[in-house]
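Asks: Okay, handing you the structure first.
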Amino acid sequence: MNNGIFKIPDPVNEPVLNYAPGSPERVALRAKIEELRSRQMDIPCIIGGKEVRTGKTAVMRRPDAHGEILGVYHRAGEAEARAAVEAARDAKAEWVALPWEERAAVFLRAAELISTKYRALMNASTMLCQSKTAHQAEIDAVCEVIDFLRFNPKYMEQIYARQPENTKGEWNRAAYRPLEGFVYAVTPFNFTSIAANLPTAPAMMGNTVVWKPASTAVYSNYTLMKIYMEAGLPAGVINFLPGSGAAISDAVLASQDFAGLHFTGSTEVFRSLWKQISANLETYLGYPRIVGETGGKDFIFVDPSADLAPTVAAILRGAFEYQGQKCSAASRLYIPVSRSDEFLDALAAEIASIPMGEITDFRNFVGAVIDEAAFNNIQGYIERARASGRAQVLAGGRCDSAKGWFIEPTLILTQDPRSETMVNEIFGPVLTAYVYDDRDMEAAYRLVDSTSPYGLTGAIMATDRLRIQRALTALQNAAGNLYINDKPTGAVVGRQPFGGARASGTNDKAGSYLNLLRWASAVAIKENFAPPASWRYPFMSSED
Ligand code: NAD
């Protein structure tokens, strides 16, 4: 029943519900949170559509109440990784043969399930597992997940519609085959939406996938996997493998059918996977596609013409929402000396008023950082800054691990623009400010551009149009996502395609057709309706 040129429904961004007191969504979410807290999950691997329990379990805890156990998951090892590769191989032929609009329908159905039946479940599982507030969960685990699942099919349709030119007697076609082999998706803890996008974008394009979720996000990621299955995803198209990244990668990357890596996470892990792939290059049938979005050291540049209140709001939201654990979170701040007191005083006062605590208390703006390793790492940065003699902690700075991994939103003022908290990705609620001399703006732009190896996001706060333009030009390579008078976080699918360059990744722009193109291998088909019957050309005829 393929006789039609079908059109994917035009996507619109999923509306963000507000969870205000008394709202039906708040009542449903609270009930779901309590339901999940009252039982413990036993999460298997899912290979070829079947649950696999290895018996090698790891405990899942709430970051903001680490005494509270959410359940266990079964860790995959090399044997399960090999089985997942087999399952992906077995599922490929039928999945590829399925008309593309049927593949799209699976993900459109999953989006609908999340928008309705499973909205509260997606939010509650992400809140408890990753310590997100209701709002942070809603924009991630519901709205952005749905947007990926609705916009990507539209991009797929647009890609398939791109066809070459023809001339008389000839028909040229482009077919966008999936990659030959399987795709390995490795996802980070911090966005349930990225965990949704990395396996599903290649799958939509006809690939089969081995998916390794982050160990601290298995709880919410498993919910996604179950929803795809309910939406009709055939067995083996996406195989869910929680466990040690190193062990799973060793087995997966040794397969000759490995055709692509879809990664988001730290620069360090991405580089190690790239090296491993390079070392195995001769094993593979083709050259694997490598797509990776990695770390950031994102800036807010305050021009002397900036308005105070919107700048302070952008800084607070950009640096501290989700405890600064967004790859796009602002972590270095540049303030002009001519207005430094005004900005620093306002920031310190506001930061002191930010409510922090368990995300089950909806009044809190920030929760806990993800785990003990992150807590220790972030605390180390704050302590070293304090001890350096070249920095002051202007606000926050207290760390308390008694009940959860809590680190106060922290503002450091440094005299050294290349101190480690200005250069390294900390991935926590720590913002370092440097006061620049605004009599030499070009020097200030050069400093922002050259301080960090990353190039992910940045924001320019200014009202003077000439200065906005100068800053945009000077900082064009410093970020893949630039914001003017807005926080540098919160990219929306379809509106701000996301990704950075330099050490921040391959800039293949999640949430746009550019990303989906990476999961296709085009074939050009020429058909001749009037093939020549002789090999001789007219110019070869005998002279008159
Ligand atoms: P991470 O690098 O620690 O882990 C990412 C994934 O890689 C996880 O699934 C992890 O288990 C896996 N992994 C770890 N070692 C591995 C190995 N040797 N082989 C295979 N897999 C391995 O990152 P994280 O802590 O989950 O996430 C935070 C990082 O992600 C930050 O650096 C952040 O900037 C980055 N991030 C980037 C973007 C972006 O779009 N640029 C978005 C979100 C997060």
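Computed from the coordinates by the stated procedures, all read-outs in this text should not be read as laboratory data. A quick note: this is a predicted structure, and the numbers were derived from the prediction, not measured. Every residue, glycine among them, receives a Cβ derived from its backbone with ideal geometry; neighbour counts consider all protein chains shown.
Asks: Looking at segment 298-484, send over the antiparallel percent of its DSSP beta bridges, to the nearest 5.
Replies: Antiparallel bridges make up about 20 percent of those DSSP assigns within segment 298-484.
Asks: On C-alpha positions alone, give me the angle between the axis of helix 308-320 and the longest principal axis of the chain, in degrees, nearest 10.
Replies: With rounding to tens, the tilt is 70 degrees.
Asks: How many angstrom separate the Cα center of segment 164-195 from the Cα center of segment 113-154?
Replies: 25
Asks: Select from segment 476-544 those trypsin sites (Lys or Arg not before Pro) which occupy a DSSP coil region and have at most 15 other Cβ atoms within 10 Å, ordered by residue number.
Replies: Within segment 476-544, the qualifying trypsin sites (Lys or Arg not before Pro) (loop, at most 15 other Cβ atoms within 10 Å) are Arg495, Arg536.
Asks: If you don't mind, there's one more thing I want to ask. Within 10 Å, count the other beta carbons around each residue, average over each peptide in 222-231, 112-121, and list them highest first.
Replies: For the peptides 222-231, 112-121, the packing ranking is 222-231, 112-121.
Asks: Mind sorting Thr463, Thr451, Thr432 by how few other Cβ atoms lie within 10 Å of their own Cβ, fewest first?
Replies: Thr463, Thr451, Thr432
Asks: Also, I was wondering about something else. Can you give me the convex hull volume of the Cα atoms of segment 298-484, divided per residue and expressed in Å³?
Replies: So the per-residue Cα hull volume is 107 Å³.
Asks: What is the helix-to-structure angle for 78-97, meaning the angle in degrees between its Cα long axis and the longest Cα principal axis of the chain, kept from 0 to 90 and rounded to the nearest 10?
Replies: Long axis of 78-97 versus the principal axis of the chain: about 50 degrees.
Asks: Using helices alone, I'd like the mean residue ellipticity at 222 nm for the chain: each DSSP H run of four-plus residues gives -39500 (n - 2.57), total over residue count, nearest 500.
Replies: -11500 deg cm²/dmol
Asks: Could I ask something else about it? Rounded to whole Å and ordered largest first, report the semi-axes of the equivalent ellipsoid of the chain derived from its Cα gyration tensor (root of 5λ).
Replies: 42, 31, 22
Asks: Work out how much length Met41 to Lys56 would gain on full extension: take 0.36 nm times their residue separation and subtract the Cα-Cα distance, in nm to one decimal.
Replies: Between Met41 and Lys56, full extension yields an extra 3.9 nm.
Asks: Mind ordering 290-300, 175-185 by average Cβ neighbours within 10 Å, highest first?
Replies: By packing density, highest mean first, the sequence is 290-300, 175-185.
Asks: Follow-up question, since we're still on this one. Taking the Cα centre of segment 298-484 as origin, work out the dipole magnitude from +1 charges on Lys and Arg Cβ and -1 charges on Asp and Glu Cβ, in debye rounded to 20.
Replies: Approximately 200 debye in magnitude.
Asks: OK, next. Pull out a ≥ b ≥ c, the square roots of the eigenvalues of the alpha-carbon gyration tensor of segment 32-137, then state rounded if a/c is under 1.5, prolate if not and a/b is larger than b/c, and oblate in the remaining case.
Replies: In terms of gyration-tensor shape, oblate.
Asks: So which aspartates and glutamates can Lys56 reach, going by Cα to Cα under 19 Å and dropping same-chain residues fewer than 8 places off?
Replies: Asp42, Glu78, Glu80, Asp250
Asks: Still on this structure, I have one more. Quick check for me: using +1 on Lys/Arg Cβ and -1 on Asp/Glu Cβ, what's the dipole size of segment 262-391 about its Cα centre, in debye to the nearest 20?
Replies: In total the dipole reaches around 440 debye.
Asks: What is the helix-to-structure angle for 267-279, meaning the angle in degrees between its Cα long axis and the longest Cα principal axis of the chain, kept from 0 to 90 and rounded to the nearest 10?
Replies: 30
Asks: If the only charges are +1 at each Lys and Arg Cβ and -1 at each Asp and Glu Cβ, what is the size of the charge dipole of the chain around the Cα centre, to the nearest 20 debye?
Replies: Around 580 debye, computed over the chain.
Asks: Among 260-270, 7-17, 95-105, how do they line up by average Cβ neighbours within 10 Å per residue, starting with the highest?
Replies: Top of the packing list down: 260-270, 95-105, 7-17.
Asks: Another question about this same structure. Mind checking which lysines have their Cα closer than 18 Å to the Cα of Lys32? Skip sequence neighbours fewer than 8 apart in that chain.
Replies: By straight Cα distance, Lys32 reaches Lys117, Lys132, Lys226.
Asks: Return the lysines within reach of Lys526: Cα separation strictly under 25 angstrom, same-chain partners fewer than 8 residues apart disregarded; answer none if there are no such residues.
Replies: Lys168
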